[in-house]
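Take a look at the structure below.
Bear in mind these aren't lab numbers, they're just calculated from the coordinates by the rules spelled out. Not measured: the values here are computed from a predicted model. Positions of Cβ are generated from backbone atoms using ideal geometry, with glycine treated the same way; all protein chains shown enter the neighbour counts.
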Amino acid sequence: MVATMHKKMVIDMLIQSFAHNDRISTMLKSRHPRHLKAFFEYIYELIERRGRFFLSDNYSTLLLYYQKSQQKPSIGKTLANLKLLIHHLSWNRLWQTVRLSNRIKTIREAEAQKIGDQDYIYVWFLAGKENKHNYAGLYESMEHLKVESIMQGLPIYIETTVPRMVPIYERAGFKCYKQAGLGGQQIWFLKYGRNE
């Protein structure tokens, strides 16, 4: 589902899910709604160009993901990066943000290289309105990703800073290949697919 997904619905759902996420908050000038909105508009534009959306049937879980090999530099992406940087990102924490992102990517790429994954599907954002008694939308999203993995012959990589999500991913068939303390928080690195 989602070919015609409404931009406002996607952005509202992302804001609702990540409004109190420390990793995102530290990147922004403040928790003011306009900074969050601009950040997720930027994310939406990038995924709309070279990624995919998936919304569960019960409208509770949203996935934003892309194929690594399809993420190439472009003028449009560079301009979007500059606009976000100038107006909404925290200059004081910019180096910290870039360094953390690079460390996360380095860990993921090291795992991919170690087992020969030259290309893969990367789950950039998973937003949800699930409650602890009902994960139907989340499991539907995981099944969608597994079908994508099989159809494309590619593994799936994802990270989380939410401890309760780790056993949920593991029940869906993901394997945790690393846990690391980075930027003052624990991050779990998980993978699904060949050689997991």
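Odds and ends about this structure:
- Taking 21 Å as the limit for the C-alpha separation, the pairs 7/68; 146/175; 68/191 exceed it in the case of 7/68.
- When peptides 56-68, 139-151 are sorted by average Cβ neighbour count within 10 Å, with the highest value leading, the order is 56-68, 139-151.
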